[in-house]
Amino acid sequence: MFYFDHSATTPVHPSVLDLINEVQKDFYANPSSVHSAGKKAKAIIEISRARIASAINAKPEQIIFTSGGTESNNQVFWSMLNKSKPHVISNKIEHPAVIKVLKRLSTFNLDYSLINVDENGLISLDELKSHITDQTSLVSIMMSNNEIGTIQPVKQIVELLKDKNILMHTDAVQCFGKISIDVKILGIDFLSLSAHKFYGPKGLGILYVKKRDTINNLLIGGSQEYGLRGGTENVASIAGAGLAAEIGSKNLKKNAQKLKELKTYFIKELEEVYPSAIINGHLTNSLPGLINVSFPGFRSDILMTKLDRVNIAVSSGSACGSGSIKPSSVLSEIGVSEKLNQSSLRISFGSTNNLEEVKILLKELNLILNN
């Protein structure tokens with residue numbers, strides 16, 4: 001299989017897989033237990049917490065483990081119900097784990113505004129500013145879009161909110177291991193990550209919380225995770241996430257450069273293979289390795305099926321929206337017509353890909369598009 005769908009999920013790194021298996025086999029005690037076996041399991045969690053904290057320049061006590069990016073996002077938004085200022089600002093191309101949550105919370109009298117994006121998927125700082133009221137408690141803008149890869153000006157947003165007593169959250173699930181993430185430089189209050197996007201296990205999320213008194217627990221039970229997330233911890237997956245974060249952080253520059261080179265090569269050669277192809281999203285201010293492209297005259301579901309027959313995996317957009325060929329709301333919001341929308345593929349390279357594989361992808365696309 002030639003796998004070009006790393007934005008949907010990544011294969012588990014071999015060293016991470018080995019560690020997960022080791023922990024499952026040898027460190028199975030409940031980390032809340034006071035006996036030595038429990039303390040060993042607890043120590044594994046804290047080692048992982050420190051590894052992840054180091055990777056994003058946070059303190060270990062600012063890292064909360066969840067079941068995924070969706071839960072991390074949910075915990076931030078549900079916490080806003082307890083704020084005296086019931087207004088949240090986000091944008092129209094956020095992940096469903098943001099927009100759908102805000103729609104649900106509106107039934108509990110949480111008000112929200114979704115600002116527009118331009119044809120490249122970028123928000124306007126001026127429009128964001130125009131939506132701020134004395135009731136605004138939180139701004140949530142994803143660091144990079146999961147379908148088109150456009151990177152948002154998170155640091156500038158934080159600067160805009162300075163001295164306004166407004167919290168800032170960013171969904172950075174697509175970003176870790178591809179671009180630098182430094183929570184101190186960014187100045188954000190909350191950040192969501194998901195281990196399976198950076199060669200770790202599925203079902204393990206991370207939530208960075210700058211100050212614990214700004215958030216409430218979503219899952220109520222025991223006192224795990226500083227009392228902010230009840231339930232016995234998934235020790236093996238937490239261990240795997242920590243190692244994956246350490247590996248990703250150490251190899252960030254090398255991996256980012258590789259992804260950039262593969263993306264640049266693919267786009268350049270695609271111009272020769274199919275000159276009518278249209279790249280969606282920002283051409284330069286975007287994640288390395290992620291490409292959203294429309295193929296006029298071809299339906300995306302048919303293209304995916306034909307590629308799958310030759311063992312090539314790509315996507316038609318967000319994996320969270322797979323199973324249907326209805327137009328992508330993200331592409332609609334940036335002005336892509338419905339016809340082109342349904343002709344679009346998301347191709348996302350990863351550390352396991354190489355130039356020869358990209359050439360094979362281009363070759364098969366050429367056979368499909370020009371015959």
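Kirkwood Rh over Cα pairs of segment 54-192 into Stokes-Einstein at 20 °C, 1.002 mPa s: D in µm²/s?
Working: Rh = 15.2 Å.
The calculation lands on 141 µm²/s.
Length gained on full extension, Leu219 to Ser84, computed as 0.36 nm times the residue gap minus the Cα-Cα distance: 46.4 nm.
Give Lys100/Lys359; Lys129/Lys210; Lys40/Lys258; Lys129/Lys339 a once-over and call out the pairs whose C-alpha atoms are over 28 Å from each other. Violating the 28 Å limit, Cα to Cα: Lys100/Lys359; Lys40/Lys258; Lys129/Lys339.
Convex hull volume per residue, computed on the Cα atoms of segment 14-250, equals 114 Å³. If you take the Cα centroid of segment 239-312 and the Cα centroid of segment 1-80, the two points sit 27 Å apart.
Mean projection of the alpha-carbon convex hull of segment 147-229 over all orientations, in nm²? Write down the numbers at each step before the final one.
Numbers: hull surface 26.7 nm².
Average of the hull's projected areas for segment 147-229 equals 6.7 nm².
How large is the translational diffusion coefficient of segment 1-102 in µm² per second when you combine the Kirkwood radius over alpha carbon pairs with Stokes-Einstein at 20 °C and 1.002 mPa s? D = 125 µm²/s.
Rounded if a/c is under 1.5, else prolate if a/b beats b/c, else oblate: with a ≥ b ≥ c from the C-alpha gyration tensor eigenvalues square-rooted, which is segment 130-285? Oblate, since a/c reaches 1.5 and b/c is not below a/b.
Provide, as a two-decimal number, the C-alpha radius of gyration of segment 207-278 over 2.2 N^0.38 Å, N being how many residues it has.
Working: Rg = 21.1 Å, N = 72, 2.2 N^0.38 = 11.2 Å.
With N residues counted in segment 207-278, Rg over 2.2 N^0.38 Å equals 1.88.
Qualifying trypsin sites (Lys or Arg not before Pro) in segment 245-351, where qualification requires a DSSP coil assignment and no more than 15 other C-beta atoms within 10 Å, comprise Arg299.
What separates the Cα centres of segment 108-155 and segment 216-230 is a distance of 29 Å.
Taken over segment 251-341, the percentage of Cα pairs per 5 Å bin, counting from 0 up to the bin with the maximum distance, is 2, 12, 20, 24, 22, 13, 5, 1.
Throughout, read-outs are computed from the coordinates displayed, never taken from laboratory work. Only a predicted model underlies this, so the values are computations on that prediction, with no experimental measurement involved. Ideal geometry is used to build each Cβ from the backbone, glycine not excepted, and the neighbour counts take in all protein chains shown.
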